[in-house]
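Every read-out reported here was derived from the displayed coordinates using simple, explicitly stated rules and does not represent laboratory data. In this text, all values refer to a predicted model and were calculated from it rather than measured experimentally. Glycine also receives a Cβ, built like all others from the backbone with ideal geometry; neighbour counts cover every protein chain displayed.
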Amino acid sequence: MKHEVYQGDCLDVLKRIPSESVDLVYLDPPFFTQKVHRLGTRDRTREFQFPDTWSSTDEYSNFLYKRLQELHRVLRPSGSIFFHCDRNASHIARFLLDEVFGESMFRAEIIWYYRRWSASQKNLLPAHQNILFYSKTYLYKFNVYLTDYSPATNIEQILQKRKRDEFGKAIYSRDEQGEVIPNGLKKGVPLSDVWDIPFLNPKARERTGYPTQKPVLLLERVIELVTEKGDTVLDPFCGSGTTLVAAKLLERSSIGIDVSDEAIEITRGRLENPVKTQSHLLEVGRVAYRNVREDVLQQLTGLDLVPVQRNDGIDALLRVEHENGSIPIRVQRPGETLAEAASSLYRATRTKRISTMIVVSTQEELDLGLEIPLPPGVVIVDSTARAIEKVIQRLASEQQIQANESRLLAQV
Ligand SMILES: C[S@@+](CC[C@H](N)C(=O)[O-])C[C@H]1O[C@@H](n2cnc3c(N)ncnc32)[C@H](O)[C@@H]1O
């Protein structure tokens, strides 16, 4: 596989690339943000920047228009272009792409969605970017990409055969007895146009310090969607070289162009040692982060509470204000002593100015005849099952006493 990297204005470099020689163009040009993007390496030894300031919308549009014409020329008839932008330029890009590629070649607008935390402002928090997908002709390559079912999908929806009724509505097929017909396990749902891929976190191994660097995972998905092994991918605004790294990892050839010397230096370095940060979040799925176990929450049914995710000590916070703090709860786990449950809860709340905590006791404790050492503020309550067990044990022992008394009376 060949990977070529060129420094210069992409308009000049593109003119040297033969017509119909490229299978995919991905471009992530300056977004018309009207600022200079600056960032540095984690050890703060280097700072990188590129300007994204323009005198007018016309100047920005003209800049893009000339380059899009060249990009259209170099694409093969089976090729596609993915234009990455955000709300500052998506309307301009859509208009220009319609102009150069034709409105009928518009295939999709992908919303790249990610979580962000930010101070509140008098607006909605921007949490997505846009990728406009156009093909050069109708004969474009496209690989069907299946994803997992959502957790809300029920087993019938996955297994049973469907057909359309006379109104075109999807219904389950039924046999003569009216029983639904199984159809084998379906492989998944086609990928949608909303992509939930985490932003690179500041400590990600693949982070170079180059401003606006995109995750390799995002580029891999674009490349896999419309190319095959051995195809050529072109990025005319390659920045830190993410597209080329993804192409190399997926055994595609690549061409990268950037006007900045530093961008080219970083791209060359990354190509020598391509690194991809695995997203733990994607591997295990966001649902897995909801790690308050269902059985734990069931113990607390009926209470007005907020489940607490990703915390080893607290399962939920009761929605009551008590001495200016709320009341955290922990359900005792199987095999955990009450003292252990109480100390996990206490440790998790230590820095949170909380005076009262509740541990729900779920199992019988070994009676060692000792007082259980509890941290200050911890109150133990029995779970419903535990409370009922205690009643049953009490009834059983009362019955035993009565039986013993009757036996003694009979002996007298
Ligand atoms: C948004 S960044 C690309 C970031 C890249 N996708 C990454 O993952 O690192 C845009 C890049 O376009 C480059 N650029 C701006 N004008 C250019 C031009 N006329 N020709 C080539 N590159 C240009 C900038 O230097 C910058 O690196």
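Spatially, region 1-62 and region 188-235 are offset by 17 Å when compared through their Cα centroids.
Where does the longest stretch of the chain lie that holds no GluC sites (Glu not before Pro) found in a DSSP loop with 14 or fewer other Cβ atoms within 10 Å?
That would be 21-165.
Close amide-amide hydrogen proximity is noted between GLU4 and SER254, ILE255, GLY256, each under 5 Å apart and 5 or more residues distant or on a separate chain (H modeled in the peptide plane; Pro and chain starts excluded).
Our coupling estimate for region 66-79, obtained by passing each phi through the Karplus curve with A = 6.51, B = -1.76, C = 1.60 and θ = phi - 60°, is 4, 6, 5, 4, 5, 5, 4, 5, 6, 6, 5, x, 8, x Hz, Gly and Pro reported as x. Taking amide H positions as modeled 1.01 Å from N, with prolines and chain starts lacking one, the residues under 5 Å from GLU206 and 5 or more places away or on another chain are THR277. Sequentially through region 354-362, phi angles give Karplus couplings (6.51, -1.76, 1.60; θ = phi - 60°) of 10, 9, 10, 9, 10, 10, 8, 7, 10 Hz, Gly and Pro residues having no value and appearing as x. Summing charges over all other residues whose Cβ lies under 13 Å from the Cβ of ARG94, with Lys and Arg as +1 and Asp and Glu as -1, gives -3. Compute the signed sum of charges (Lys and Arg +1, Asp and Glu -1) over the other residues within less than 9 Å, Cβ to Cβ, of PHE133. Spelling it out: positives minus negatives among the neighbours equals -1. For the chain, the antiparallel share of DSSP beta bridges with both residues in that region comes to about 55%. The value of relative contact order for the chain, using C-alpha pairs under 8 Å at least six residues apart, is 15 percent. Amide H contacts of ALA316 (H built 1.01 Å from N, in plane; Pro and chain starts excluded): VAL308, ILE329 sit under 5 Å, all sequence-distant by 5 or more or on other chains. Each of SER90, SER260, LEU408 was scored by the projection of its Cα onto the charge dipole of the chain, and the greatest displacement toward the positive side belongs to SER260; charges sit on the C-beta of Lys, Arg, Asp and Glu. The angle between the Cα long axis of helix 384-411 and the longest principal axis of the Cα atoms of the chain comes to about 20 degrees, rounded to the nearest 10.
Each Cα pair under 8 Å and six or more residues apart adds its sequence gap; the mean of these over the residue count of region 45-143 is a relative contact order of 37 percent. Helical runs assigned H by DSSP (4 residues or longer) give the chain a calculated mean residue ellipticity at 222 nm of -9000 deg cm²/dmol, each run adding -39500 (n - 2.57) before division by the residue total. By the count of neighbouring beta-carbon atoms within 10 Å, fewest first, THR41, THR301, THR362 end up ordered THR301, THR41, THR362.
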